[in-house]
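Some notes on the structure that comes next.
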Amino acid sequence: MKTNRYTLLILILLFRNFIFGQVLEKNIEGIWQADSSEVTSMYHDTYQFYKNGNFEFKPDGYNGLNRVLSINGRYELKKDTVLLYIKSTKEIVGGYPNRSEITTLSDTWEIINGKIKSFTYKKNILQKVKINKCSDEKCILIDDRKFYLIEE
């Protein structure tokens with residue numbers, strides 16, 4: 001009797017993972033914004049997943065002190081985990097902090113007069129991210145943080 005229960009439990013878990021992976025794989029492409037489905041003058045943290053297996057992460061546009069503008073690479077979906085292989089970043093180099101006339105998340109501070117440079121890494125940097133489906137079909141949880149589909 002115990003063997004039947006364990007077999008049933010294993011089958012349920014395998015079936016759940018198969019279904020979950022299928023639904024998530026089908027719907028991961030697009031731009032996913034953190035914490036809100038509303039788009040204003042700038043995006044909050046976003047992941048963009050492309051059909052060709054590439055991804056781009058952009059930090060919150062409202063933070064004027066961000067030096068990292070984007071993280072780029074390839075992704076691979078494995079059940080409830082996304083493997084992110086980081087190939088490059090775009091960053092602001094140089095410049096200096098200045099009080100902005102536009103309010104930012106950084107108490108109106110921003111970096112000005114910096115140059116945008118791309119950095120390519122010789123070896124892909126692997127990062128593992130947990131991903132789950134929200135109850136809302138236009139939402140996913142990335143490391144337990146809600147991201148909303150804002151553009152397919």
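The values are calculated or read from the model by the stated rules, or taken from the named source; none is laboratory data. Computed from a predicted model, the values in this text were never measured in an experiment. Here the Cβ positions follow ideal geometry from the backbone for every residue, glycine too, while neighbour counts run over all protein chains shown. Accessible surface is based on the protein model in full, side chains and every heavy atom, while ligands, DNA and RNA are left aside. Shrake-Rupley method; radii C 1.70, N 1.55, O 1.52, S 1.80 Å.
Brief remarks follow.
- So Lys90, is it basic (Lys, Arg), assigned to a strand (DSSP E or B) and either open to solvent by 100 Å² or more (accessible area, probe 1.4 Å) or in contact (Cβ under 8 Å) with a residue 60 or more places away in the chain (or both): no
- Residues within segment 60-74 that are touching a Leu at 6+ places or on another chain (Cβ under 9 Å), open to solvent by 30 Å² or more (accessible area, probe 1.4 Å) and at pLDDT 95 or above, tallied: 2
- Whichever residue in segment 93-109 is closer than 10 Å to Leu65 by Cα and in a strand (DSSP E or B) and, among such residues, is least open to solvent (accessible area, probe 1.4 Å): Asn98
- For segment 25-65, filtered to residues that are part of a loop (DSSP other than H, G, I, E, B) and small (Gly, Ala, Ser), the residue that is nearest to Ser106 (Cα to Cα) is Gly64.
- Matching option when the condition is part of a strand (DSSP E or B), open to solvent by 90 Å² or more (accessible area, probe 1.4 Å) and under 22 Å from Thr40 (Cβ atoms), among Lys146, Lys128, Lys122, Lys117: Lys146
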